[in-house]
Each structure stands twice: as structure tokens, then as C-alpha cells.
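Just so it is clear, none of the values below were taken in a lab; they were calculated from the coordinates. As the structure is a computational prediction, the values presented were derived from the model and not from experiment. Counting neighbours? That spans all protein chains shown, and the Cβs are built from the backbone with ideal geometry, glycine included.
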Amino acid sequence: MSDPKKLVISESKVTNSPIGYCLVVLLLLACAPERDNPYDPNSNFYTNKTEILGSCKNRVMVPIHNARICLLPLSNKTQTLVTFTNENGNYWLADCPAESVLLIAEKDGFVSESSYLSLQAYKSETLNFTLEGLPKFLKTEVTSYYCLLSNPPYDSAVLSIKCEIADEEGQSDIALVFATIDGLADTLPLFFKSGNAYENLFQEESLSENLDNIVGRDIFINAIDRFGHQVISSPLRLIRIIRDNTLETIAPVGGEITSAHPLLEWRSANYLFAHTFFCEVYYLPPYLPPVLYHRYDNIPAQTATFLVPDSLIAGYHYWQIGVLDSYGNWAKSAEGVFEVR
């Protein structure tokens, strides 16, 4: 049986020798854990990253292409990440920091949506967005009309406001459309006509100021959907009112008898803006409202007569001459009555 004292002496000799010391170090290194595991926070291969993927659609589940997906870390240590949805509405964000983040989905014409996430390293997250489409103005128009009547003598100026609006989820999503004028307290409702069209006519007497004072002011059209989201158009302006009392039918008038192709003659002012004339011919059936027989447009500005090319039926008719500028504003004369025999 060996002596314990001799054993201790022998171990001491081993550890005190250079070779023995190296053997002990190698043994300890051999027992240390490996650091090449990417899931080990102490490893050089550990990235502390993850990924987020998902989709972006509207409320009727139509994919939204090119929506901007933005990741905002809540700390200042990492930078913002941005990507865009593909044609199928899908997105993928790689190398996301494993921390608390804010994810935002946005696109022009939609209400943006956001969500907070607490990300964990190497654990993929899926987040789908549903964006509410906003009303979108396709066309806007502000013009004026000025009409003269002979029986009874009367003149009327009218403001016309029209627009075309589309909505991603359908026209039924649009709850209210109205116009406002800078400096006026008036709220001017526009009503649905057909397709995407909304419009209304406003007599000058119904407004808090006459139309001449509205020329040049900013006019805005507002659209509100049924969820309360509001969109406002770019500013519109009324360019002019053709308030011309000199626009007059000369012949035929007063029940004058004509052929089926009468020659119409009129008088007008010397307008200082680009314009054309138009002519409207109405048939007057007995005991019934007038019927528009034909409208002739693009009559040259230098013209003061017009030969009706269509053959008019026998009976009473009336005609009106009108002037139209390049912005869509127009004025129309009083009626000239004649009889075709």
C-alpha cells in the first residue's frame, strides 16, 4: 500500500514542473464550453437578430402593392429598417433587432396602421396589416353660369361645383361630400350623381356673398368616409363670371316664321378672353315642357350668324346663343322664339 505523503509529494512535483503545468492547462481548456454556437449570447456567431414577415391588404382583402413598412426600434442603439410590399402585398424584414420595436405600414391614399412587437432572437414574427382606403379625388371643377330670361325678364348667376371621387372599398364608403370657400361661413353640399360623380349648383342668392367677390378665392372640396376619415382637395378657384347683359338674339325672334333651316343671328360684347360660342335650339310642343332639339358647340369667336344644319320640325321653337371660355364658364342669352312652317 502506497504512502499518502509520498503521493502528495509526487503530485506537487508534477504541477511544479513546466510539462505538468502545460498538461493541466490543456486539460482545463479541453473542458471549456465551445463558443461557436449562434444561439449562445457569448458566441462570436450570435447576432441577436430575427425577421418579420407578413402582408398588407385593404379592408376588402385586396393586396396593397408598394406599401411602405417601417421598423422603428424603441432604443437609439439600432437604426430604422424600411421595406416595401410586393405586387402580392407581402413583405419581409430581415436582420431585425431582438428588442421592442414599432412597426408601421403606410401608403398615400390609406390610413396608416402601426403595432408594437417584442422581438426575440432567431424567432420569426408574422404581422399582417389591414389599411383603410381614403377617398381619392379623380377630378375637380369650379365654374359659373350666367343666364338671361325674357319672360319674365330675369338674370341668374350660378356657381357650379363638381368632382369625381373614388374609394378603395367602394362608393358606399363615402358618407359626405361638401365644399367650403375661403372667408365664407357657407357649407356647400355636393350630391352623388352616378359613377364617381358628385355635384351641385348654387344660386348666387343662396350664398352669403355675390359671385364676383368669390372670384379668385380658395375653394376646397371635402370628402368624409363612414369611418370619419377626411380628405381635402387641392385649392380650386373660380376664374370669372361672364355677366354679359349684351348677349342677345337678333333674329329670328318674336314668333317670326322661318324655314326648317333658319339662319340665326346674334349680338355680343367684344370679349377680351379666349372663347367660343354655342347655340341651343328647343322645340315647344303644345302643353308640354320645352325639349332640347340640338346643341351646336365650337362656333368660332368671330362669328355672329349660324345656319341650322338639321331640319327642324314644323311648330314653335326657341333658341339661345351662349359664350364659353376655356375654363368652362359660360353665359347664355334670353330666348328667341320662332315658328317653322
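Data table
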quantity	calculated
Pairwise Cα inverse-distance average, inverted: Kirkwood Rh of region 74-185 (Å)	19.3 Å
Ellipsoid semi-axes in whole angstrom, largest first, where each is sqrt(5λ) of the Cα gyration tensor of region 43-131	25, 13, 10
Lysine pairs within the chain, Cα separation less than 25 Å, 8 or more sequence positions apart or different chains	16
In region 208-256, the trypsin sites (Lys or Arg not before Pro) that fall in loop regions by DSSP, at most 10 other Cβ within 10 Å	none
Label zone at residue 80, where the point sits 7 Å out along the Cα-to-Cβ direction: region 103-119 residues whose backbone N lies under 14 Å	103-107
Histogram of C-alpha separations across region 248-340, 10 Å bin width, %	17, 51, 26, 6, 0
C-alpha center-to-center spacing [region 174-213, region 285-324] in angstrom	30 Å
Rounded tilt (10° steps) of 4-16 against the dominant C-alpha axis of the chain	50 degrees
DSSP loop GluC sites (Glu not before Pro) with at most 14 other Cβ within 10 Å: longest gap in the chain	210-341
Rounded to 10°, Cα long-axis angle of helix 18-31 versus longest principal axis of the chain	40 degrees
